[in-house]
Amino acid sequence: MYGINLVKGLMVTMKNLTKRPFTVQYPEERVKQHPRFRGEEFVWYEERCTGCASCAKYCPLGIIEIVTTPSETAPAEGDKYKLEVFDIAINRCMFCGLCVEACPYDALFMGSGFEQGQYSRKNMVINIDHLRQAEKRPSTYFRPQLEDSGYDPGGGRPLHWQEVGREGWQWHQKEKAGMRIDRPVPSDLLEQEPPVDSSFVEDSEAAPTPVEEAE
Amino acid sequence: MNCVLGPDNILHDTLLFRVIYEGVGNVLPCGLSYVVAGLAIMMLLVNGVLLGAGLFSWVERRLIGRFHNRIGPNRWGPFGSLQPLADLVKLLFKEDLTPRGADRIVFAIVPVAMLAPVVLMMAVVPFAKDTALANLNVGVLYILAVTSITSIAIFMAGWSSDNRYAMWGASRGVAILISYEVPVVMSLLGVVLVAGSMSLDDVVSAQTVPFLLVQPLAFFVFFAGTSAELNRTPFDLAEAESEIIAGYHIEYSGVKFALIQAAEFGAVLTSSAVMVTLFLSGWSGPVSNYLGWAWFLMKIGVLAFIFSWVRATFPRLRIDQLLAFAWKFLLPLSIINLFATALEVYFLRDGSGALDTTDLWIMAGINFGVAFGCLLIFGTLIKEKVRPAGPITGATLSPGEAD
């Protein structure tokens, strides 16, 4: 019959009229964000950071600048370097996440936010104070221990530095290629005291030269 | 009670006009009170149409949004209902530009020339019992004459804008309007035949059975033709956004653009009002005639909803498809409808030439059969000729010849 397909088309739109709208009213409502979303405003735990500057080394764009000084106690005695500068030029960041992957101490995480719009390019460089004050809601990107615990940065609470580490996580105990987990510990290592490089300690106390990693 | 409107006056039937006229007549001389009453009615009519246009622009945007699974304007006011006001304020504060090469006088007249027919159409439409501004005995003719002004306004806009896109839009608009005027008039003849009068008041009172049932083909043709004359989406070639940007009103901005938009949205409402009067038995409802205006507004709402529905659904036609639709489909349909109606009226009328309700039901039955048959016949006639994919000869290579 002539025009019957027009009626069919009308019925399609009528069916859509009865459905709920698809729109999400952004400032009031938000879409559910994936926990592994690589967002802005890196989450940095100063307590876990040793100032090794691995993130700065691995950054393909060289936009992370770290300046450290040895702290009062020697690094060899278990203490860490003191950070003076930790700048991330986030306007040039491509959010590849390599810095997070490089961090050996689980101190740096991708953020979960996306609302860091600024009026000036100068404000897009995140400094160490900004990183200290930023909300600690890390993305679970490259952090399976967070993902396994079911943490969701979108609706989740901020995490303390003691909760985010790999310490309680069993992954590193599992066997991987070229490694034996139940390898017996050599007996000489058990009895021997850990060697202390005394010359290094004397050097660092005599002349505290800052270790610099610039871009 | 100094002034009394004589029964021979054309405005005698208008209850509101008479009340204002006689009320003001107690204080002012009769001639002045006539002017005051006329101005009051005109204010009511113009502002009613403009207010309705604003309201309809919001309703339609919400509706089309929901048809598309969106929400539509929802920021200001409850459910975004103050959006037309925001649009208006924004347009009022914009600069009112005139192109350098424009014909300034014609360019400035156009918005008024587009709005005037829309408002004028409402003058003869009865909202309720005795509420038409003027009960013309040639009301249908008047409506047809007034709506044709729009085509002139569109051409004025296109010509005076000194813009090629505007000229294209205007040419298309005029082609569409002239083509669709013919089937619309032919379809209205059927209504006039059955009603036996051109006065819209008589047409309403003749509809003991709504003419939608008596004249289904005429309603369909009139609806399609009207939506073409309104430049609405299946037929909006004159202002096709994706082809010629905005068509004839491309150069308009500010207040003039607001007026043109108001005229377009108001035209939907007034056309719906005319259709309600002609086909949906106007202000008469099933319960009470004191609620005539409520029935009237409700029916207008239903038709406006259908207009939005159609707009949300169908894509734009090409210009040749559009004119072919008018001349090859709507015009034959309206002619068939006119002949069928004329024969039915000739055989069914009684001695005085009147038709009673039984006759109307009989006509409704016959006309529905005619409409169904027409659609079936036209379905086979207009079916797209697709060449069947037969075996390809000549150009093919057999596997042995390929190398």
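Of the residues that sit in region B:18-28 and are more than 24 Å from B:Asn135 (Cβ to Cβ) and without any contact (Cβ under 8 Å) to a residue 12 or more places away in the chain, which one is surrounded by the fewest Cβ atoms within 10 Å (Cβ to Cβ)?
B:Val27
To keep it simple, each residue is scored yes or no on (1) touching a Phe, Trp or Tyr at 6+ places or on another chain (Cβ under 8 Å); (2) under 30 Å from B:Gly65 (Cβ atoms); (3) in the same structural domain as B:Ile300 (by TED's automatic domain parsing).
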{"site": "B:Arg104", "(1), (2), (3)": "no, no, yes"}
{"site": "B:Pro111", "(1), (2), (3)": "yes, yes, yes"}
{"site": "B:Pro117", "(1), (2), (3)": "no, yes, yes"}
{"site": "B:Ala128", "(1), (2), (3)": "yes, no, yes"}
{"site": "B:Ala134", "(1), (2), (3)": "no, no, yes"}
{"site": "B:Leu144", "(1), (2), (3)": "no, no, yes"}
{"site": "B:Thr147", "(1), (2), (3)": "no, yes, yes"}
{"site": "B:Trp168", "(1), (2), (3)": "no, yes, yes"}
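Here are the criteria: (1) over 17 Å from the mean Cα position of the chain (by Cα); (2) within 19 Å of B:Leu189 (Cβ to Cβ). Tell me which single one B:Leu280 does not satisfy.
Of everything listed in (1) over 17 Å from the mean Cα position of the chain (by Cα); (2) within 19 Å of B:Leu189 (Cβ to Cβ), B:Leu280 misses just condition (1).
Given the conditions (1) without any contact (Cβ under 8 Å) to a residue 12 or more places away in the chain; (2) closer than 18 Å to B:Gly169 by Cα, which single one is not true for B:Leu237?
With (1) without any contact (Cβ under 8 Å) to a residue 12 or more places away in the chain; (2) closer than 18 Å to B:Gly169 by Cα applied to B:Leu237, the lone miss is (1).
Only one residue in B:Ala312, B:Ala294, B:Ala324, B:Ala340 is out of contact with any His (no Cβ under 8 Å at 6 or more places or on another chain) and either under 30 Å from B:Val119 (Cβ atoms) or among the basic types (Lys, Arg) (or both). Which one?
B:Ala294
Go through region A:1-39 and count every residue that is at the interface with chain B (Cβ under 10 Å from one of its Cβ atoms), within 29 Å of the chain's Cα centre (by Cα) and not hydrophobic (A, V, I, L, M, F, W, C).
Adding up the residues that qualify gives 0.
Would you pick out the residues in region B:353-403 that are more than 44 Å from the chain's Cα centre (by Cα), among the hydroxyl-bearing types (Ser, Thr, Tyr) and at pLDDT 60 or above?
The answer is B:Thr393, and nothing else.
Quickly run through region B:45-54 and pick out the residues that are surrounded by 15 or more Cβ atoms within 10 Å (Cβ to Cβ) and among the aliphatic types (A, V, I, L, M).
Hits for region B:45-54 are B:Leu45, B:Val46, B:Val49, B:Leu50, B:Ala53.
Kindly establish whether B:Leu136 is surrounded by fewer than 22 Cβ atoms within 10 Å (Cβ to Cβ) and of a type in the set (A, V, I, L, M, F, W, C).
yes
Scan region B:53-71 and report the pairs whose first residue is at the interface with chain A (Cβ under 7 Å from one of its Cβ atoms) and touching a residue at least 60 places away in the same chain (Cβ under 8 Å) and whose second residue is acidic (Asp, Glu) and surrounded by fewer than 19 Cβ atoms within 10 Å (Cβ to Cβ), with Cβ atoms within less than 9 Å and a gap of 6+ or a chain change.
none
A:Tyr45 fails exactly one of the following numbered conditions: (1) within 14 Å of chain B (Cβ to nearest Cβ); (2) surrounded by 11 or more Cβ atoms within 10 Å (Cβ to Cβ); (3) at pLDDT 85 or above. What is the number of that condition?
All conditions are met except number (1).
Are any residues in region B:239-274 among the small types (Gly, Ala, Ser) and within 13 Å of B:Leu50 (Cβ to Cβ), and if so, which ones?
B:Ala258, B:Ala262, B:Ala263, B:Gly266, B:Ala267
Would you kindly identify the helices (runs of 4 or more DSSP H) lying entirely within region B:276-381 that contain at least 2 residues that are within 14 Å of chain A (Cβ to nearest Cβ) and surrounded by 15 or more Cβ atoms within 10 Å (Cβ to Cβ)?
Here the list reads B:292-313, B:331-348, B:357-381.
Would you confirm whether or not region B:83-105 contains a residue that is within 30 Å of A:Val12 (Cα to Cα), within 28 Å of the chain's Cα centre (by Cα), more than 14 Å from chain A (Cβ to nearest Cβ) and not aromatic (Phe, Trp, Tyr)?
So far as region B:83-105 goes, yes, one or more of its residues are within 30 Å of A:Val12 (Cα to Cα), within 28 Å of the chain's Cα centre (by Cα), more than 14 Å from chain A (Cβ to nearest Cβ) and not aromatic (Phe, Trp, Tyr).
The values are calculated or read from the model by the stated rules, or taken from the named source; none is laboratory data. What you are looking at is a predicted structure, and each value in this text was computed from that prediction instead of being measured. All Cβ positions, even for glycine, are placed from backbone atoms using ideal geometry, and neighbour counts span all protein chains on display.
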